[in-house]
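Nothing in this text is a laboratory measurement; each read-out follows from the coordinates by a stated rule. Since we're looking at a predicted model, the values are computed, not measured. Using ideal geometry, Cβ is built from the backbone for each residue, glycine included, and neighbour counts are taken over all protein chains shown.
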Amino acid sequence: MFLKNVERISRFKNSISSRLTISYMLVSLTALIIIGLFLYEDLNLSMFDFEEKYLIDEVYLIQSLLDERHGDLSAANSEINAIPHALKKASYRYYVQIFDSEGHLLKRTSTMPKSVQHLKFPLATPNWQESMMTQKAIDKKTYLLVTAPLVLNHKTQKNGTIQIALDLAYPNQLISLYHWHIALLILGVFIISALLGRLVTSRGLKPLFVLANTAENVRLDQLNQRINVSDWPQELLSVGQAFNKMLSRIENAFKRLNKSTSELAHELRTPVASLMLEAEVARTRPRDIAYYEKLVDSSLEELKRLTEIMNGVLFLANTNHSETCLNLSKIEVMSELKNILNLYSALAKEKNIELNLSGISCFLTADTVLFHRVISNLLANAINYTPNGGKVSISLSIKQDRSIQINISDTGIGIPKEYHEQIFEDFFRAPNAKTFYEQGSGLGLPIVKQIMELHGGSIQIESVEKQGATVQLVFPNIS
């Protein structure tokens with residue numbers, strides 16, 4: 001049980017939904033507390049301001065009554081006795097007492113409690129409106145006290161003081177009730193915000209649940225699944241789009257793998273079947289030495305073709321990722337092209353094919369071995385697919401952006417337009433190429449394209465059927 005509780009707590013802590021909900025709750029609670037405190041303090045100040053104005057008005061009213069009756073205290077009897085007595089059960093209750101200049105009591109509210117009479121009222125000052133004070137009596141009640149100068153008779157210049165005590169029981173009760181209402185309101189809104197926060201967070205994170213569910217259900221036979229991200233929030237839209245692109249790359253890679261596997265099996269089946277057939281025929285009866293020598297030579301040709309295919313497949317497999325290391329060095333391009341042409345001059349001479357090289361001398365930073373392989377593959381293709389008496393040309397130039405461009409052109413059979421997009425696929429060979437030259441493997445151009453991408457370069461082919469082809473290589477890393 002303990003371990004289960006620990007596991008639940010751990011999951012709760014690691015839950016984004018829980019964290020967002022808690023954050024939302026804390027922010028809401030903080031905001032509510034700040035607003036509640038502001039309103040509570042504002043009510044306190046408003047109530048106190050009202051109470052002060054209430055006492056000031058009462059002082060002015062009694063002074064006005066005395067002025068009208070020339071100091072007759074009975075004129076203020078209603079304000080001193082009658083009204084406070086009538087307000088005994090009202091919200092606001094006040095008590096009044098008047099003293100002469102020598103401090104002798106002249107008039108007092110008959111219902112004034114003893115506890116109020118013994119309170120220490122503030123001294124009468126010219127700014128008596130600002131000297132009000134609150135004080136708690138022995139009966140635990142709180143009163144707002146004011147002492148103001150009072151003119152008892154203008155003719156005789158008789159002065160005195162008036163003291164008024166306002167019972168704050170009702171305002172205090174009102175503020176206390178308001179305090180509890182705010183507390184309950186904060187609690188209620190806090191609970192509602194927690195529920196709404198959980199709901200909003202769950203809805204906001206729904207795309208992630210959809211993403212996880214889709215990823216979990218992806219199978220080799222369901223790589224065509226995609227997520228509809230049209231209604232996703234902006235913050236998660238890029239995640240959904242990246243996930244769909246990743247599925248597309250995986251699907252395309254798997255299709256290429258299946259196709260390459262099928263093509264590889266097809267390419268291997270022919271030479272293996274040929275070797276088996278020749279061996280079975282040779283075993284049917286004794287043969288002379290010349291026959292066996294011819295059989296061995298034929299088998300070696302097929303084995304060389306198998307080796308070429310396997311080496312090509314291994315090269316593509318080893319270089320089909322970004323971590324392939326290149327052994328870069330500074331090479332003189334024209335000199336290397338001349339060396340490669342010399343290697344293929346004998347093959348071209350057999351078919352009476354003219355080889356031409358033109359361009360300027362320049363240097364390039366590249367992997368020398370892979371550079372040789374690119375030019376060799378393309379030059380071999382140009383010679384093999386060009387009829388006798390044709391022409392193969394290599395031109396070297398430097399572009400405006402300082403990249404190196406190498407064009408290899410031939411007057412061969414060309415590539416039909418409908419196959420231009422497929423020529424870089426593994427094992428693909430156009431029908432006219434298979435008919436003209438049977439020994440090809442369909443791996444030459446894919447290998448060249450892979451090497452160019454490793455160098456950050458590009459390859460393009462322009463071709464018209466029966467008019468030849470031009471391969472354009474661009475190496476960006478010129479030194």
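Please give every one of the lysines within straight-line cross-link reach of residue 349, meaning a C-alpha to C-alpha distance under 21 Å, and leave out same-chain neighbours fewer than 8 residues apart. Result set, ordered by chain and number: 338, 391. If the segment from residue 78 to residue 235 were pulled out straight at 0.36 nm per residue, it would be longer than the present Cα-Cα gap by 49.2 nm. Considering all C-alpha pairs of region 176-226, those separated by over 14 Å amount to 69%. Between residue 185 and residue 120, the FRET efficiency from the beta-carbon distance, with R0 = 45 Å, is close to 0.70. For the chain, the longest principal axis of the alpha carbon atoms and the long axis of helix 333-350 meet at an angle near 40°.
Testing the spin-label approximation: label points 7 Å from Cα along Cα→Cβ at residue 420 and residue 194. State their distance in nm. Using points 7 Å along Cα→Cβ, the separation is 6.8 nm.
If you take the beta carbon distance between residue 435 and residue 395 as r and set R0 to 41 Å, what does 1/(1 + (r/R0)^6) give as a FRET efficiency, to the nearest 0.05? Taking R0 as 41 Å, the efficiency between residue 435 and residue 395 is 0.90. Taken along the Cα-to-beta-carbon direction at a fixed 7 Å, the label points for residue 330 and residue 303 span 4.5 nm. Using θ = phi - 60° in the Karplus curve 6.51 cos²θ - 1.76 cosθ + 1.60, the 3J(HN,Hα) couplings for region 114-125 round to 4, 4, 6, 4, 8, 6, 8, 6, x, 6, 6, 10 Hz; x is entered for Gly and Pro. Taking a straight Cα-Cα cut-off under 18 Å and skipping sequence neighbours fewer than 8 places away in the same chain, the lysines within cross-link reach of residue 158 are 107.
Full extension of the segment from residue 173 to residue 69, taken as 0.36 nm per residue of separation minus the current Cα-Cα distance, would add 33.6 nm. Rg ratio for region 324-475: its Cα radius of gyration over 2.2 N^0.38 Å, N being its residue count, equals 1.00. Compared with the alpha-carbon gap, the fully stretched path from residue 258 to residue 343 is longer by 27.0 nm at 0.36 nm per residue. Here the label points at residue 18 and residue 213, each 7 Å from Cα along the C-beta direction, are separated by 2.3 nm in the simple model. Where (i) 1.05; (ii) 2.25; (iii) 0.93 are the candidate values, the label of the one calculated here for Cα Rg over 2.2 N^0.38 Å is (ii).
Computed from phi, the 3J(HN,Hα) profile of region 389-405 under the Karplus parametrisation 6.51, -1.76, 1.60 (θ = phi - 60°) reads x, x, 9, 10, 10, 10, 10, 10, 8, 10, 7, 5, 7, 6, 8, 9, 10 Hz, with x in place of Gly and Pro.
Packing, as the average of other Cβ atoms within 10 Å across residues, places the peptides 290-299, 163-172 in the order 163-172, 290-299, highest first.
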